[in-house]
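Participant: One structure is given below, represented as structure tokens, and several questions about it will come after.
All of the numbers you see were taken from the coordinates with simple rules; none came from a lab. Keep in mind the model is a prediction, meaning the values are calculated, not measured. Don't worry about glycine lacking a Cβ; one is built from the backbone with ideal geometry, like all the others, and counts go over all protein chains shown.
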Number of protein chains: 2
Amino acid sequence: MYSQSHVAADFVSTFGDTLSMTRKLFQTTDPASQPFIISGSGTLGWDIVAANLVEPGEDVLVLHSGYFSDGFADCLATYGAKVTQLKAPIGTKPQLPDIEKALSEKKYKAITVTHVDTSTGVLSELKDLSALVHKVSPDTLIIVDGVCSVACEEIAFDEWGLDGVVTASQKAIGCPAGLSISMFSGRAMKAFESRKSPPASYFASMKNWGPIMKNYEAKKPSYFATPSPQLIHALNTALTLILAKPLSERFAKHIETSDKIKKYISDLGLNQVASKPEEQAHGMTAIYLPEGIKATDILPALGKAGVIFAGGVHKEIAPKYIRFGHMGVSSLNPERGDIEKALQALKSNLVALGYKA
Amino acid sequence: MYSQSHVAADFVSTFGDTLSMTRKLFQTTDPASQPFIISGSGTLGWDIVAANLVEPGEDVLVLHSGYFSDGFADCLATYGAKVTQLKAPIGTKPQLPDIEKALSEKKYKAITVTHVDTSTGVLSELKDLSALVHKVSPDTLIIVDGVCSVACEEIAFDEWGLDGVVTASQKAIGCPAGLSISMFSGRAMKAFESRKSPPASYFASMKNWGPIMKNYEAKKPSYFATPSPQLIHALNTALTLILAKPLSERFAKHIETSDKIKKYISDLGLNQVASKPEEQAHGMTAIYLPEGIKATDILPALGKAGVIFAGGVHKEIAPKYIRFGHMGVSSLNPERGDIEKALQALKSNLVALGYKA
């Protein structure tokens with residue numbers, strides 16, 4: 001599309017509507033909640049949290065369910081947080097009693113959880129976790145990495161009492177990559193406003209971006225750094241499509257498709273990296289390959305069949321598994337046949353490599 | 001376009017070629033130079049400089065030629081630099097003797113210069129400035145904010161001995177907004193590698209992005225944070241168009257068009273914010289309005305005529321001037337008639353508001 005000026009009335013209106021729709025995506029109606037949409041990748045969301053909500057020397061508890069928890073922990077440490085990681089064996093997540101114990105041992109400014117860890121396909125439950133944190137450590141901010149979950153797993157921001165969810169445009173939202181999208185509670189914004197030290201980042205500073213987001217949502221032009229009119233328009237379109245139907249239908253459809261995929265994988269005799277059914281994501285599946293078949297053998301063969309699976313990214317098990325993304329259109333529009341095509345290609349290529357299904 | 005996987009061979013090749021073309025855009029052939037292309041806005045380039053090339057407590061000299069120098073100074077201070085601003089009266093830039101004096105008084109880790117300050121249209125000369133710095137303070141890194149200059153003003157990175165130029169995709173490069181594009185010298189990369197403290201940002205960290213950029217340029221897939229295939233493709237196309245003709249022609253054409261615009265403005269009896277001809281940018285013109293006519297009167301009228309001028313952003317003079325961008329296609333393709341249309345609309349709307357041209 002033709003590029004608009006980032007302060008033209010048309011674009012200001014589009015950006016403002018996009019921010020308002022982001023509230024709906026997160027199911028928040030609390031006017032104190034604050035959305036941020038900034039040019040960047042999902043990773044930038046970690047910087048927004050680490051540089052604004054945590055001050056140097058403060059403790060953060062990172063719930064570890066895969067590779068991406070290590071990244072979030074590194075980012076927090078970069079800005080001076082003292083990070084404690086609560087690790088679970090690969091393919092599982094930290095359990096509530098262990099989290100309760102950890103929270104009772106130290107005063108944490110924030111706890112972070114990866115809603116779906118893209119490296120393992122492990123789904124973390126948020127509702128009971130949030131209730132636990134509110135009960136045993138009520139001042140602790142509850143921060144969710146929702147890069148691989150927003151728009152395919154339910155997130156009831158207000159109802160569950162979350163304080164921050166950071167995500168990106170290119171996964172289940174179905175917009176091109178290039179936008180960091182996040183939502184923070186009134187409580188998180190107060191924690192930011194009452195910090196003693198200035199924000200530890202410039203580009204990821206809530207002080208710099210907060211007034212801009214408020215102005216755009218009030219349909220007033222405003223400038224800190226140039227937004228991307230093309231990507232904001234794409235996000236506007238993506239959110240309009242998502243919100244045209246009840247979100248509950250969208251989440252239910254992802255579960256339905258995911259259940260079918262998990263059954264097919266299991267019937268094939270394959271195991272998932274996420275070992276417990278209640279901890280399996282609904283927008284992706286991480287699948288252990290049969291003994292003797294490597295990711296580097298099967299991925300190119302699948303590619304030739306027109307099906308893109310991803311390699312493993314959890315360094316301890318990377319060559320042994322592959323990842324199958326099934327979020328957005330592929331799950332919501334079964335008439336496309338994407339899922340069947342991918343599963344059949346997986347089966348036939350495993351067989352071609354000598355696997356007895 | 002259809003979204004590609006950021007690790008698919010086709011995309012890796014496109015991204016690699018884009019990085020190589022970026023070297024040509026900056027006229028650097030030194031293999032030690034390192035380009036970075038990261039999802040973000042031009043502002044992110046300041047963070048890359050401030051969080052990687054300067055350590056907390058080190059001194060930086062900021063040459064002030066408008067609003068954007070204040071921004072760069074704020075960013076540097078955020079990451080702990082001790083900033084000294086050398087300010088010039090509005091519409092001018094710091095002069096070499098004053099810069100020499102400042103450099104002799106303190107040991108600066110870096111000096112920053114805004115090549116073209118978008119708020120004033122002031123052009124800073126780089127060649128003689130760089131020679132001066134190399135002579136009187138050879139260890140000082142020379143960092144250029146080239147957001148409003150790259151691809152419309154000459155930048156001979158190697159020949160002039162620059163250490164860093166940061167820019168964005170959406171100005172003279174002619175690509176949609178959403179990418180931070182930068183080039184650093186081998187000397188700058190060494191300064192980064194020998195820093196005692198870790199990089200002060202995570203998303204803007206050269207440690208995180210350096211290996212990724214090297215891998216993509218060597219056509220190997222690599223992951224730190226998800227790049228935007230759509231924007232990288234657009235940048236690839238934009239750079240292919242730019243490099244299809246000699247850069248010298250491109251710069252000469254911008255000067256030729258700019259000279260005509262400046263003459264028209266002067267013949268209209270109007271003054272530029274940039275008061276000295278040798279300090280006037282060639283991709284934009286900042287124009288003082290006649291006494292009694294406000295930017296808020298004429299900008300909407302121009303908009304109705306289908307011509308977008310921008311308001312003032314230099315806070316001390318904002319209501320008194322407007323800005324005219326004439327970089328990229330509008331200057332390079334005079335057959336479009338963009339420039340004539342804009343100048344005639346400016347004249348007729350001034351007259352309609354009572355100005356006697």
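Participant: Using only Cα atoms and rounding to the nearest 10 degrees, what angle (0 to 90) does helix A:127-136 make with the longest principal axis of chain A?
Facilitator: With both axes taken from Cα atoms, the answer is about 50 degrees.
Participant: Report, in listed order, any pair from A:K304/B:K190; A:K207/A:K253; B:K171/B:K304; B:K127/B:K315 with a Cα-Cα distance greater than 32 Å. Let's see the in-between values first.
Facilitator: Numbers: A:K304/B:K190 42 Å; A:K207/A:K253 39 Å; B:K171/B:K304 23 Å; B:K127/B:K315 30 Å.
Those over the limit are A:K304/B:K190; A:K207/A:K253.
Participant: A follow-up question, please. Which of the three applies to region B:147-197, rounded, prolate or oblate, going by the alpha-carbon gyration tensor with a ≥ b ≥ c and a/c under 1.5 meaning rounded?
Facilitator: oblate
Participant: Order A:107-114, B:316-323, A:319-326 from most to least packed using the mean count of other Cβ atoms within 10 Å.
Facilitator: Going from most to least packed, we get A:107-114, A:319-326, B:316-323.
Participant: For chain A, would you read off the P(r) tail past 26 Å as a percentage of all alpha carbon pairs?
Facilitator: Looking at chain A, the distances longer than 26 Å represent 50 percent of pairs.
Participant: Go ahead and set up a Gaussian network model of chain B, Cα springs under 10 Å, then flag whichever of B:T18, B:T240, B:T167 fluctuates most.
Facilitator: Largest GNM mean-square fluctuation: B:T240.
Participant: Would you mind classifying region B:55-201 by shape? Square roots of the alpha carbon gyration tensor eigenvalues, ordered a ≥ b ≥ c; an a/c under 1.5 is rounded, otherwise it is prolate if a/b is larger than b/c and oblate if not.
Facilitator: Judged from the Cα gyration tensor, region B:55-201 comes out rounded (a/c under 1.5).
Participant: Using a/c under 1.5 as the rounded threshold, could you call region B:33-105 rounded, prolate or oblate? The axes a ≥ b ≥ c are square roots of the C-alpha gyration tensor eigenvalues, and prolate needs a/b larger than b/c, oblate otherwise.
Facilitator: Note, shape of region B:33-105 comes out prolate.
Participant: Relative to the present Cα-Cα distance, how much length would full extension add between A:A357 and A:K260 at 0.36 nm per residue of separation?
Facilitator: The A:A357-A:K260 span can extend by a further 33.2 nm.
Participant: Defining the label point at 7 Å along Cα→Cβ, can you sort the distances from A:I317 to the same site in each other copy, shortest first, in nm?
Facilitator: Ordered by increasing distance: 6.4 nm.
Participant: If you take the beta carbon distance between B:S348 and B:Q95 as r and set R0 to 45 Å, what does 1/(1 + (r/R0)^6) give as a FRET efficiency, to the nearest 0.05?
Facilitator: About 0.70, to the nearest 0.05.
Participant: Let me ask something else. Taking only C-alpha pairs under 8 Å that are 6+ residues apart, what is the relative contact order of region B:9-243 in percent?
Facilitator: 30
Participant: Under 17 Å from the Cα of B:K294, which aspartates and glutamates turn up, not counting those fewer than eight places away in the same chain?
Facilitator: In chain and number order, the partners are B:E316.
Participant: Using the charge dipole of region A:247-353 (Lys, Arg: +1 at Cβ; Asp, Glu: -1 at Cβ; taken about the Cα centre), state which of A:A342, A:G311, A:F324 has its Cα farthest towards the positive end.
Facilitator: A:G311
Participant: Taking a cut-off of 15 Å between Cα atoms, list the aspartates and glutamates near B:K356, but don't count ones fewer than 8 places away on the same chain.
Facilitator: Hits, sequence-local ones excluded: B:D267, B:E291.
Participant: Other chains near A:223-232: what is the mean number of their Cβ atoms within 10 Å of each residue's Cβ? It would help to have the intermediate numbers written out before the result.
Facilitator: Details: counts 2, 3, 11, 10, 4, 11, 4, 8, 7, 2.
That average works out to 6.
Participant: A:D98 label points, 7 Å along Cα→Cβ, one per copy: pairwise distances from this copy to the rest in nm, shortest first?
Facilitator: 6.2
Participant: Let me spell out the model: positive unit charges on the Cβ of Lys and Arg, negative unit charges on the Cβ of Asp and Glu, origin at the Cα centre of region A:247-353. What dipole size does that give, in debye rounded to 20? Don't jump to the answer; show the numbers that get you there.
Facilitator: Details: 14 positive and 12 negative charges, 44 e Å.
The dipole magnitude comes to about 220 debye.
Participant: Here is a follow-up. What is the antiparallel percent of DSSP beta bridges lying wholly in region B:1-160, to the nearest 5?
Facilitator: Roughly 10 percent of the DSSP beta bridges within region B:1-160 come out antiparallel.
Participant: Projected onto the charge dipole of chain A (+1 at Lys/Arg Cβ, -1 at Asp/Glu Cβ, origin at the Cα centre), which of A:V12, A:M284, A:V166 gives the Cα projection farthest towards the positive end?
Facilitator: So the residue furthest toward the plus end is A:V12.
Participant: Next question. Could you work out how far helix A:338-352 tilts from the main Cα principal axis of chain A, as a 0 to 90 degree angle to the nearest 10?
Facilitator: Result, in degrees: 40.
Participant: Per residue of chain A, what 222 nm ellipticity follows from adding -39500 (n - 2.57) for every DSSP H run with n ≥ 4, rounded to the nearest 500? The partial results should precede the final answer.
Facilitator: Working: 12 runs with 144 residues, N = 357.
Mean residue ellipticity at 222 nm (helix-derived): -12500 deg cm²/dmol.
Participant: On to the next question. Provide the FRET efficiency to the nearest 0.05 for the B:K219-B:T240 pair, computing r from the beta carbons and using R0 = 22 Å.
Facilitator: In this case the efficiency is close to 0.80.
Participant: Using Cα atoms only, what is the angle between the long axis of helix B:229-243 and the major principal axis of chain B, expressed in degrees (0 to 90) to the nearest 10?
Facilitator: 70
Participant: Another question, then. Provide the percentage of antiparallel DSSP beta bridges, counting only those with both residues in region A:56-141; round to the nearest 5.
Facilitator: 15
Participant: Using the alpha-carbon centroid of each, what span in Å lies between region B:325-348 and region B:309-324?
Facilitator: 19
Participant: Report the gain in length on full extension from A:A156 to A:S248: 0.36 nm times residue separation, minus Cα-Cα distance, nm rounded to one decimal. Walk me through the intermediate numbers first.
Facilitator: Values: separation 92, 0.36 × 92 = 33.12 nm, distance 1.07 nm.
Going from the current span to full extension adds 32.1 nm.
Participant: Just the ratio, please: alpha-carbon radius of gyration of the protein assembly as shown over 2.2 N^0.38 Å, N its number of residues. The partial results should precede the final answer.
Facilitator: Details: Rg = 26.5 Å, N = 714, 2.2 N^0.38 = 26.7 Å.
Normalised Cα radius of gyration, the protein assembly as shown: 0.99.
Participant: Pull up the cross-link candidates among the aspartates and glutamates for B:K109, meaning alpha carbon to alpha carbon under 14 Å and not fewer than 8 places away within one chain.
Facilitator: Within the straight-line limit of under 14 Å, B:K109 reaches these aspartates and glutamates: B:E55, B:E58, B:D59, B:D139, B:D163.
Participant: Among DSSP beta bridges lying fully in chain B, give the percent that are antiparallel, nearest 5.
Facilitator: Restricted to chain B, the bridges split so that about 55 percent are antiparallel.
Participant: Rg and Dmax of region A:247-353 over Cα atoms: what are they, in angstrom?
Facilitator: Here Rg and the maximum Cα pair distance are 13.4, 42 Å.
Participant: Full extension from A:A305 to A:E58: what is 0.36 nm times the residue separation minus their Cα-Cα distance, to one decimal in nm? Don't skip to the answer; put the middle values down first.
Facilitator: On the way: separation 247, 0.36 × 247 = 88.92 nm, distance 5.04 nm.
Stretched fully, the A:A305-A:E58 segment lengthens by 83.9 nm.
Participant: Also, I was wondering about something else. Please average, across the residues of A:177-184, the number of beta carbons from any other chain that are within 10 Å of each residue's own beta carbon, and give a whole number.
Facilitator: Partner Cβ neighbours, averaged per residue: 4.
Participant: At what distance in nm do the modelled label points of B:D128 and A:E193 sit from each other, each positioned 7 Å from its Cα along Cα→Cβ?
Facilitator: 5.1
Participant: Can you list, shortest first and in nm, the gaps between the label point of A:T84 and those of its counterparts in the other copies, using a point 7 Å from Cα in the C-beta direction?
Facilitator: From this label point to the equivalent ones elsewhere in the assembly: 4.6 nm.
Participant: Could I ask something else about it? Are there chymotrypsin sites (Phe, Trp or Tyr not before Pro) in region A:1-54 that DSSP puts in a loop and that have at most 11 other Cβ atoms within 10 Å, and which ones?
Facilitator: Here the sparse-neighbourhood loop sites are A:Y2.
Participant: Follow-up question, since we're still on this one. State to the nearest 20 debye the size of the charge dipole of region B:229-279 about its Cα centre, where the only charges are +1 on K and R beta carbons and -1 on D and E beta carbons. Please report the intermediate quantities before stating the final value.
Facilitator: Numbers: 7 positive and 6 negative charges, 22 e Å.
Computed charge dipole of region B:229-279: roughly 100 debye.
Participant: Compute, for the protein assembly as shown, the length of the dipole vector about the Cα centre, with Cβ point charges of +1 (Lys, Arg) and -1 (Asp, Glu) only. Units Debye, rounded to 20.
Facilitator: Dipole of the protein assembly as shown, to the nearest 20 debye: 340 debye.
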